[in-house]
Amino acid sequence: MLEINETHDINLNSWVSSANEHKDFPIQNLPFAIFRRKNTEQGWRGGVAIGDKILDLALISAANIFTGEAQQAAMAAAQPTLNDLMDLGKQSNSALRRALSKALTNGSALASHLHSMLVDQKDAEYNVPCTVGDFTDFYTSIYHATAVGKLFRPDNPLLPNYKWIPIGYHGRSSSIGVSGQKFPRPTGQIKSPNRTIPEFSPCKRLDYELEMGLFIGKGTKLGEVIHIDNAEDHLFGICLLNDWSARDLQAWEYQPLGPFLAKNFATTISPWIVTTEALAPFRHAFAHPEGDPEPLPYLNSTKNSASGGFNITLDCFLETQKMREEKTPMAALSRSNFKHSYWTAAQMISHHSSNGCAMQAGDLLGTGTQSGPEEQEAGSLLELSKGGKAAITLPNGETRTFLEDGDTVIMRASCAKKGAKTIGFGEVSGTILPSLPQPTSSQ
Ligand code: MN
């Protein structure tokens, strides 16, 4: 595990002056993205956020100003995807972080040279940061699992395996998009309770899920099992993730094999990946509640109990078409925290590889909706509207049970702790477009 080092020093300031009071991207954060200048045909390349700027890692690499592992990592980060950088592993990623931190610190001799390698974030566009070979979505909030279970199975909300297995399913990487993603309302099979047969219709119960996304770093071979204490050696970093969900499609299709078309029409992630090393000051002790079973030995370790959790505040907002037209502020929907997760990142990774399943650099693991213990901490509309029975009222008087066309969902995350510089994840936003006309029969 990478401990706290000089890159986390709260007193560190940058010659990029916007970084020093930046709520998300002070010099202590240094998250990675794939970017290019907006409205150009420039090649995609890696960048690191510093204040309201991006340091261009393709230019850093070409200038050959770093040495050894840091230069090797900069070359990997200059590629159109971050997979190579991720696959280099922790030591190399850490060497690049130290080199970047030093070069961006106030008084650095490299300041004048690096100044020309900065791009304003407002002039940039982003891409999905890596080729995501496989996408897995977990279900790690026991509060979400219980609330949703109650709606689908009132007598039996939490299935007996929940407290033993980090439950998950294999998703679809082809529909993952970066913040700003716009997609049509999905159409599919829906069977309303008062009908005997299903209809094929646009989704009427479209929802979001407030999640974090874990990016796998160094990969493993088929048959290789990741020990829980080494699991984070394979975790490159964390982003925000919105797992859009069609609740009416889900209700009809999910038994017996779990989510399918209710989940794979769109998944939106934030462009910036905050590295595990940047999150070191915000680690959190992990334990299952008193009376719950201890995890099986392969999911249990002293290290994981001492510091396997991350204290990350999560916020979710809604901006409707009307709010945009009337220029009124977006509405806060809920606030939660990743520390409530029933399973840690290390447990998700070690469980995933426990049968010998190969993990590849760039694989994405969704954490599942991160609802907290209180009702207002719910990470989906399904929970906030009690399964669509109790519409929520927004500050401008509009109401919602589920999402409407033109709605934009925005998620943010940040980490704050006494003695540490506050860092954030930026945001992920996505917008619902009207459903596409369905192909009609040729007869
Ligand atoms: Mn999900």
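When restricted to residues that are buried (at least 19 other Cβ atoms within 10 Å of the Cβ) and charged (D, E, K, R), region 408-427 contains 2.
For region 230-241, the criterion of being part of a strand (DSSP E or B) and within 11 Å of the ligand (Cβ to nearest atom) is met by at least one residue. Scoring residue 351 on the criteria (1) in contact with a Pro (Cβ under 8 Å, 6 or more places away or on another chain); (2) not in a helix (DSSP H, G or I) leaves a single failure, condition (2).
Counting only residues that are more than 15 Å from the ligand (Cβ to nearest atom) and farther than 30 Å from residue 124 by Cβ, region 254-288 holds 9 of them.
Residues that are in a strand (DSSP E or B), touching a residue at least 40 places away in the same chain (Cβ under 8 Å) and more than 13 Å from the ligand (Cβ to nearest atom) within region 201-213 comprise 202, 206, listed in sequence order. Within region 430-439, one or more residues are surrounded by 22 or more Cβ atoms within 10 Å (Cβ to Cβ) and either within 25 Å of residue 218 (Cα to Cα) or at pLDDT 95 or above (or both).
For region 373-417, residues that are away from the ligand (no atom under 16 Å from the Cβ), among the small types (Gly, Ala, Ser), touching a residue at least 60 places away in the same chain (Cβ under 8 Å) and under 20 Å from residue 145 (Cβ atoms) total 2.
The number of residues in region 179-200 that are free of Cβ contacts under 8 Å to residues at least 40 places away in the same chain, outside any strand (DSSP E or B) and charged (D, E, K, R) comes to 1. Can you confirm whether region 235-256 contains a residue that is within 26 Å of residue 424 (Cα to Cα), exposed (fewer than 15 other Cβ atoms within 10 Å of the Cβ) and within 23 Å of the chain's Cα centre (by Cα)? No, because not a single residue in region 235-256 is within 26 Å of residue 424 (Cα to Cα), exposed (fewer than 15 other Cβ atoms within 10 Å of the Cβ) and within 23 Å of the chain's Cα centre (by Cα).
For the structure I just gave you, tell me whether residue 331 is at pLDDT 95 or above and in contact with a Gly (Cβ under 6 Å, 6 or more places away or on another chain). For residue 331, the condition - at pLDDT 95 or above and in contact with a Gly (Cβ under 6 Å, 6 or more places away or on another chain) - is not met.
When only residues in region 8-47 that are polar (S, T, N, Q) and within 23 Å of the chain's Cα centre (by Cα) count, which is surrounded by the most Cβ atoms within 10 Å (Cβ to Cβ)? My answer is 29. Applying the set (1) buried (at least 18 other Cβ atoms within 10 Å of the Cβ); (2) more than 16 Å from the ligand (Cβ to nearest atom) to residue 171 leaves exactly one unmet item: (2).
Please tell me if residue 137 is at pLDDT 95 or above, acidic (Asp, Glu) and under 18 Å from the mean Cα position of the chain (by Cα). Yes: the conditions hold for residue 137. What do you reckon, is residue 314 away from the ligand (no atom under 16 Å from the Cβ), in contact with a Lys or Arg (Cβ under 9 Å, 6 or more places away or on another chain) and either part of a strand (DSSP E or B) or under 17 Å from residue 350 (Cα atoms) (or both)? Taking the combined requirement at face value, the residue does not satisfy it.
The values are calculated or read from the model by the stated rules, or taken from the named source; none is laboratory data. The structure displayed is predicted, hence computed values, not measured ones. Every residue, glycine among them, receives a Cβ derived from its backbone with ideal geometry; neighbour counts consider all protein chains shown.
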